[in-house]
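Colleague: The structure under discussion is supplied below as C-alpha cells; questions concerning it will follow.
FYI, it's all coordinate maths here, none of it is from the lab. Values in this document were obtained by computation on a predicted structure and should not be read as measured data. As a convention, Cβ positions derive from the backbone with ideal geometry for all residues, glycine included, and neighbour counts pool all protein chains shown.
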Ligand SMILES: [Zn+2]
Ligand SMILES: [Zn+2]
Ligand SMILES: [Zn+2]
C-alpha cells in the first residue's frame, strides 16, 4: 500500500501552505504561510488497520506537515490513495483533528 505525504489545510483560511515549525520532541505547532495562523494536529484511532503500508518516496522533510500516531506516537503518519490517514509504523487508520487554533 503506497502512501503520500501528509497534507494539512489551514483551519482559518484553508491554505495548503502550512509548515511544521517545531520538532516532535517538543510540540506539533504548525504555521500557515498565508495568514499566520498556528495550530496543532492530533490524531485518534478510527478503527481498522492496513498491512504493508509503504512510506512515501521521498520522505517528508522537517518542515512538511507532521502528526503523531494516536497509538504508537510515530510521526510516520501518511495519506493513502483514497485519502485515509494511516500510521506506517503500526498500520492503524487514523482521524485527524486540528487543535490549539490561533488566528494570525
Ligand atoms: Zn514546540
Ligand atoms: Zn491560513
Ligand atoms: Zn502508529
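Colleague: How much length is gained on full extension from residue 21 to residue 54, taking 0.36 nm per residue of separation minus their Cα-Cα distance? Kindly include the intermediate steps, with their values, before the conclusion.
Modeller: Numbers: separation 33, 0.36 × 33 = 11.88 nm, distance 2.54 nm.
Separation in residues times 0.36 nm, less the Cα-Cα distance, equals 9.3 nm.
Colleague: Sticking with this one: Once you place label points 7 Å from the Cα toward the Cβ at residue 62 and residue 2, how far apart are they in nm?
Modeller: Calculated label separation equals 2.9 nm.
Colleague: Moving on to the next point. Which residues does the label zone of residue 84 cover in the range 11-46, counting backbone N under 11 Å from a point 7 Å along Cα→Cβ?
Modeller: 46
Colleague: Taking the chain as a Gaussian network, Cα atoms linked when under 10 Å apart, which of 93, 79, 59 shows the biggest mean-square fluctuation?
Modeller: Between 93, 79, 59, it is 59 that shows the largest mean-square fluctuation.
Colleague: How do 101, 12 line up, fewest other C-beta atoms within 10 Å first? Working shown, then result.
Modeller: Numbers: 101 12, 12 18.
In increasing order of surrounding Cβ atoms, one gets 101, 12.
Colleague: With a 10 Å Cβ neighbour count serving as the proxy for reagent exposure, in which order, fewest first, do 64, 73 appear?
Modeller: 73, 64
Colleague: Mind pulling the per residue volume of the convex hull built on the Cα atoms of the chain? Å³ is fine.
Modeller: Details: hull volume 9.3 nm³, N = 104.
Looking at the chain, the number lands at 89 Å³ per residue.
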